[in-house]
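Novice: What follows is a single structure, and I will ask about it in a moment.
Since every read-out is calculated from the coordinates, none of them should be taken as a lab result. Just so you know, these numbers come straight off a predicted model, no measurement behind them. Glycine also receives a Cβ, built like all others from the backbone with ideal geometry; neighbour counts cover every protein chain displayed.
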Amino acid sequence: MQAMRKFFRPAWSSAERLEGNTVLITGANTGIGKETAIDLAKRGARVVMACRDMERAQAAAKEVVDSSGSENVVCMKLDLADSKSIKEFAEAFTAGESKLNILINNAGVMVCPFGKTADGFEMQIGVNHMGHFLLTYLLLDLIKRSAPARIITVSSMAHSWGSINLDDINSEKSYDKQKAYSQSKLANVLFSRSLAKRLEGTGVTTYSLHPGVVQTDLWRHLSSSQQVLMKIAKPFTKNSVQGAQTTIYCAVEPSLEKETGGYYSDSAAASCSAKGRDDDLAQKLWELSCKMLSITWE
């Protein structure tokens, strides 16, 4: 237990309320996304759970309602691996919701076998970065009108091991599932950093974060040897409730109102990698993302 106390910082907690706020969480039907939904619903927010599998989403929404005691929870279909689905979702959301105070880009895929999205992107960069990039772009006017507002993107410490291959962003020349995952998580950090600069003065702030090493369904694509290592390390990993805390911190902590573009871990400001602070690389990734998504976003 002494080792465990040293490994994790003391638990963060806050009584902050969110009545009158609308929150959108991608991938909210499982893991830290669902725990985040439960917590923010308990605080009085209207919670929109954006999920690919509506059957699982409806079951998860019932859990969120039962656990939070709030009926102000809805599900909407969103497939981040398909730009058509993202556009349909954004159109429906902006038509049905009058505001969006907190956008949590939480959904993701991890170290999966090589595959492509409906738009031809490698699956990890496509879902983890491109999908959320497009979603944020399409919702940004509503978010600005809802200011003060926050945009939170769940990254990972794996960003530290990543690099952005601007000449082969889709890993078509060679594919290493761990390198592709790290690239997508570095892209999350760079996106949040770039977005912060573009939103200065709007009342919209951005944050990226490492949730911790969390016991999650995302482990299913790990190799058998990696699965063994994760089982050995389990006492030093977080469950979904613990893993959600930094996301919740970035969503509700009042002291962050004037902070933007930073990286967080264990419910506190943290240092990201040098590449995660590379503004030139961030700009090149931004321009490439816009080109690949056929959008104009200065």
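Novice: Could you tell me which residue out of GLY27, HIS132, ALA149 lies farthest along the dipole of segment 18-290 toward its positive end? Charges go on the beta carbon: Lys and Arg +1, Asp and Glu -1, centred on the Cα centre.
Specialist: Selected residue: GLY27.
Novice: Another question, if that's okay. Have a look at MET292, VAL213, VAL47 and report the one farthest towards the positive end of the charge dipole of the chain, computed about the Cα centre with Cβ charges (Lys/Arg +1, Asp/Glu -1).
Specialist: With unit charges placed on the Cβ atoms, the residue in question is VAL213.
Novice: Right, next: With +1 on each Lys and Arg Cβ and -1 on each Asp and Glu Cβ, and nothing else charged, work out how big the dipole of segment 175-217 is about its Cα centre, in Debye to the nearest 20.
Specialist: In debye, rounded to 20, segment 175-217 gives about 140.
Novice: Set the bar at 30 Å for Cα to Cα. Now go through LYS77/LYS275; LYS258/LYS284; LYS99/LYS258 and name every pair that lies beyond it.
Specialist: Table pairs above 30 Å Cα-Cα are LYS77/LYS275.
Novice: Continuing with the same structure: Between PHE114, PHE89, PHE191, find the one with the highest GNM mean-square fluctuation for the chain; connect C-alpha pairs within less than 10 Å.
Specialist: Result: PHE114 has the largest fluctuation of those listed.
Novice: Considering amide H positions built from the backbone, and no H for Pro or chain starts, which residues 5 or more places from ASN105, or on another chain, come under 5 Å of its amide H?
Specialist: The list, which skips near neighbours in sequence, is ILE152, THR153, VAL154.
Novice: Now, a different point. Could you work out [θ]222 nm for the chain from helices alone, using -39500 (n - 2.57) per DSSP H run of at least four and dividing by all its residues? Round to the nearest 500 deg cm²/dmol.
Specialist: Details: 10 runs with 120 residues, N = 298.
Calculated mean residue ellipticity at 222 nm is -12500 deg cm²/dmol.
Novice: Per residue of segment 208-213, what does 6.51 cos²θ - 1.76 cosθ + 1.60 with θ = phi - 60° give for ³J(HN,Hα)? Whole Hz please, x for Gly and Pro, Karplus curve as stated.
Specialist: 10, 7, 9, x, x, 7
Novice: Related question: Run the numbers on the chain and let me know its relative contact order in percent, using alpha-carbon pairs under 8 Å that are six or more apart.
Specialist: About 18 percent, as a whole number.
Novice: Just how large is the dipole of the chain about the Cα centre, in debye to the nearest 20, putting +1 at every Lys and Arg Cβ and -1 at every Asp and Glu Cβ?
Specialist: 680
Novice: Then there's this: Check the straight Cα-Cα distances from LYS87 and name the aspartates and glutamates below 18 Å, setting aside those fewer than 8 residues away within the same chain.
Specialist: ASP53, ASP79, GLU97, ASP119, ASP141
Novice: Sticking with this one: Per residue of segment 268-273, in order, report the coupling 6.51 cos²θ - 1.76 cosθ + 1.60 (Karplus, θ = phi - 60°) as ³J(HN,Hα) in whole Hz, putting x for Gly and Pro.
Specialist: Along segment 268-273, the couplings run 7, 4, 9, 8, 8, 5 Hz.
Novice: In whole Hz, with x marking every Gly and Pro, tabulate ³J(HN,Hα) for segment 58-68 from phi via Karplus 6.51 cos²θ - 1.76 cosθ + 1.60, θ = phi - 60°.
Specialist: Once rounded to whole Hz, the list reads 5, 5, 5, 4, 5, 4, 5, 4, 5, 6, 8.
Novice: Using 21 Å as the Cα-Cα cut-off, could you pick out the over-long pairs in LYS144/LYS197; LYS42/LYS144; LYS84/LYS291? Let's see the in-between values first.
Specialist: Working: LYS144/LYS197 14 Å; LYS42/LYS144 25 Å; LYS84/LYS291 17 Å.
Flagged as over cut-off: LYS42/LYS144.
Novice: On a straight-distance basis, which aspartates and glutamates could pair with LYS116 in a cross-link, Cα separation under 12 angstrom, same-chain partners fewer than 8 positions away excluded?
Specialist: ASP82, GLU172
Novice: If each residue's Cβ is checked for other Cβ atoms within 10 Å, how do LEU256, LEU140 rank with the fewest at the top?
Specialist: Going from sparsest to densest Cβ surroundings: LEU256, LEU140.
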